[in-house]
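Below: the structure, in structure tokens.
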């Protein structure tokens, strides 16, 4: 059973084609906000006879992450679902990142740059081969993340580029960034999660494909401030 996975929630987006849990093809973008994703989809589909007709379903990361990238990814998957009438899955971005870590005993904490001196993060943990969530997604400062980390924890993700040194220096031996990582893209990781859900939670209702922003966009914040000012001044 072939699934096409797409991740546009991070600066380096990816597309992957999987048969079960076996990766057929992957493609990585240098820019998450262009028509490059259509080219990448064509690239991976070229690896199978029959192309799009052979795909059994689609998955897309639904955030948290880049507002623009998430909209690009979800819009593309919606188009493919409408064209093929195949099922789809929305996969949490942080869960897809955590799934990149091979089974370990320590907690796993994906970290993505949320701008405004914050990171998107959540904590996951393996029980045997099963990865489970321990906390909800949240946007916190690096200092808050340090305060929340009470035991040796595996960190990964793009948020380590700006904040890895800060986390390492403050956490000491509670900061682990050299865990065994699967050699695959975030899109492939998301598709593997979707494959494991295939028998239980396939979805055909596009209204159910919602982006998980965690916090409001700049435009929404500005609109709320404007509305508050209007109410305050009675206009």
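Every number in this text was worked out from the coordinates using simple rules, so none of it is lab data. Since the structure is predicted, the reported quantities are computational estimates derived from the model, not experimental observations. Backbone-built Cβ (ideal geometry, glycine too); neighbour counts: all protein chains shown.
Details
- Packing-based ranking, highest mean first, of 172-183, 57-68 given that Cβ atoms within 10 Å are counted: 57-68, 172-183
- Gyration tensor verdict on the stretch 72-202 (Cα atoms; rounded if a/c is under 1.5, prolate if a/b is larger than b/c, oblate otherwise): prolate
- One decimal place: the segment residue 35-residue 75 gains 13.2 nm when fully extended, by the rule 0.36 nm per residue minus the C-alpha distance.
- Counted over all Cα-Cα pairs of the stretch 68-142, pairs farther apart than 18 Å make up 53 percent.
- In terms of other Cβ atoms within 10 Å, 1, 40 run from fewest to most in the order 1, 40.
- Principal semi-axes in Å for the stretch 101-176 [√(5λ), Cα gyration tensor, largest first]: 20, 13, 10
- Extended-chain gain in nm, criterion 0.36 nm per residue less alpha-carbon gap, residue 198 and residue 130: 22.9 nm
- Rounded FRET efficiency, nearest 0.05, which uses the C-beta distance separating residue 104 from residue 207 and R0 of 45 Å: 0.75
- Hydrodynamic radius of the chain per Kirkwood, over alpha carbon pairs, in Å: 18.6 Å
- Taking the stretch 101-176 and dividing mean pair separation by its residue count, relative contact order in percent (alpha carbons under 8 Å, at least six apart): 31 percent
- Considering only beta bridges that DSSP places wholly inside the stretch 101-176, some 70 percent are antiparallel.
- Spin-label pair residue 183-residue 165: with each label point 7 Å from Cα along the Cα-Cβ axis, the two points sit 3.1 nm from one another.
- From least to most packed, judged by other beta carbons within 10 angstrom and beginning with the fewest, 165, 26, 151 follow the order 151, 165, 26.
- Computed over the stretch 11-161, relative contact order equals 16 percent, with contacts defined as Cα pairs under 8 Å that lie 6+ residues apart.
- Taking the convex hull of the alpha carbon positions in the stretch 1-141 and averaging its projected area over all directions gives 8.7 nm².
- Looking at the chain alone, DSSP beta bridges between its own residues are antiparallel in about 65 percent of cases.
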